[in-house]
Amino acid sequence: MAFEYYVNAGGKRLRRGYTTGTCAALATAGAARLLLEGEPPHLLNLMTPMGIPVEVEPRVCRMEGDAALCLVEKDGGDDIDATAGLLIGARVEKMSGLEIAIEGGTGVGRVTKPGLDQPVGEAAINHVPREMIIREAERARAAAGYEGGLKVTVLVPEGAQAAKRTFNPQLGIEGGISILGTSGIVEPMSLSALVDTIALELRQAAALGHRRVILTPGNYGVEFLKENGLGRGTARVVKCSNFIGEALDFGAEQGFTEILLVGHVGKLVKLAGGIMNTHSRWADCRTELFCAHAALAGASRELCRLLMEAASADACIALLEEAGLREAVMESLLEAIQTHLDRRAAGAFQTGAVLFSNQYGFLGETTGAEEILAKWNR
């Protein structure tokens, strides 16, 4: 059953897919319905957080002793990655109490380093997929009139092998893939189409008379802008994905006077090293940059080693916070970011950056960002 939802990007029609988190929630629904109603469902459906419905036929739905197992095939649409085509499953069984418990089984990675979405020792099932799984389990429980507890074990039979083709081992997730997704939907990532779309949005903004623009890599940045009211009513917001350098170049072509970057520290810290395409397949260097600037701020060799081994930018910040160096290191990084942004802008426009973290909130802004925001707030 094909998932027929499309997005037009740069003049190309690309098919969307659905995330591993959506698959895990669908599989939970199938297994719970079989367990509680006694009949395997022929169709599974749910509404994703993005508001797009997904309906699939389960690949497997059967009883295994006192538990029910359901497997759903991951459809990545035109965004083909290491998880496309994998079977994502859930084993559901009754348990005492009222709780719906979620565990990771075969092929689901386990977190071994701090700073990720889940704490060390937990299965790498992020919080939005967990919410979706619980919602589908509760829906099945209510439909069947069952009032007891359920244990949901998420599994990916080929997950351990697929994980070798991902960045999970470097991030500190071992033994399998992560169950991910904030919207439930996979947006196709055709590189040329994305770049064309960014150029088109900036062209349209300029044509409508905008001379100020906020660039943000993705949904986290959009939410941060909404929550903090940055640039509200004064600037056009354009999502630039990982293509920060290209977006700045397009901005120069269209004659914008001020371009403010707002993004998660895990993306924008790379700008401190002059990395203008922030996708991990081109370059990472997050921990190396934290380490280098911490060393400039007087960090010990042991702290530098811990920073190099950290799993995420948030984990680096936690280490710096503990050492009393967070402010000094962020100031150094922000200065380097401003230098590289100014070099890329080459005098065509004023630019700056605001960095935040989902865990720590606002982390700082470059001098250019301070000047731009002061001008916008007059």
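Only the coordinates and a few stated rules stand behind these numbers; no lab work does. Values in this document were obtained by computation on a predicted structure and should not be read as measured data. Backbone-built Cβ (ideal geometry, glycine too); neighbour counts: all protein chains shown.
Structural remarks
- Gyration tensor verdict on region 135-203 (Cα atoms; rounded if a/c is under 1.5, prolate if a/b is larger than b/c, oblate otherwise): oblate
- The dipole here belongs to region 193-276: it is taken about the Cα centre, uses +1 on the Cβ of Lys and Arg and -1 on the Cβ of Asp and Glu, and is about 220 debye.
- Helix-only CD estimate at 222 nm, as mean residue ellipticity for the chain, using -39500 (n - 2.57) per DSSP H run (n ≥ 4): -12000 deg cm²/dmol
- Debye intensity ratio I(q)/I(0), log10, the chain, q values 0.13 Å⁻¹ (C-alpha model): -1.08
- Flagged links, alpha-carbon separation over 24 Å, of LYS226/LYS267; LYS239/LYS375; LYS12/LYS226: LYS12/LYS226
- Tensor-based shape of region 6-186 (alpha-carbon gyration tensor, a/c under 1.5 rounded, otherwise prolate or oblate): oblate
- Contact order, relative form, for the chain: 15 percent (alpha carbon pairs under 8 Å, 6 or more residues apart, mean separation divided by residue count).
- Degrees between helix 326-345 axis and first principal axis of the chain (Cα, 0 to 90, nearest 10): 70
- Against the chain, whose longest principal axis comes from its Cα atoms, helix 219-228 is set at around 70 degrees.
- Segment GLN170-LYS151, length gained on full extension (0.36 nm per residue, minus Cα span): 3.8 nm
- With the charge dipole of region 6-186 set up from +1 on Lys and Arg Cβ and -1 on Asp and Glu Cβ about the Cα centre, the Cα lying farthest toward the positive end among the listed residues ALA142, ALA123, ALA32 is that of ALA123.
- Virtual spin-label span in nm between ALA374 and ASP196, 7 Å along Cα→Cβ: 4.3
- With respect to the chain, whose longest principal axis is taken over its alpha-carbon atoms, helix 127-144 is tilted by about 30°.
- Cα centre as origin, Lys/Arg/Asp/Glu Cβ charges: region 191-376 dipole, Debye: 440
- Rounded to 5, the percent of DSSP beta bridges in region 193-300 classed as antiparallel: 10
- Difference of contour (0.36 nm per residue) and Cα-Cα distance, ILE52 to ASN228: 60.6 nm
- Contact order relative to length of region 191-376, as percent, for alpha carbon pairs under 8 angstrom and 6 or more apart: 22
- In a simple Cβ point-charge model (Lys, Arg +1; Asp, Glu -1; nothing else charged), the chain has a dipole of about 620 debye relative to its Cα centre.
- Of ARG326, ARG343, ARG281, the residue with the greatest mean-square motion in the GNM of the chain, using alpha carbon springs below 10 Å, is ARG281.
- Applying 1/(1 + (r/R0)^6) with r as the Cβ-Cβ distance of MET308 and LYS94 and R0 = 41 angstrom yields a FRET efficiency of 0.35.
- Net charge over other residues, Cβ less than 10 angstrom from the Cβ of LEU43 (K, R count +1; D, E count -1): -2
- Antiparallel content of DSSP bridges confined to the chain, in %, to 5: 60
- Each of THR112, ASN358, ALA199 was scored by the projection of its Cα onto the charge dipole of the chain, and the greatest displacement toward the positive side belongs to ALA199; charges sit on the C-beta of Lys, Arg, Asp and Glu.
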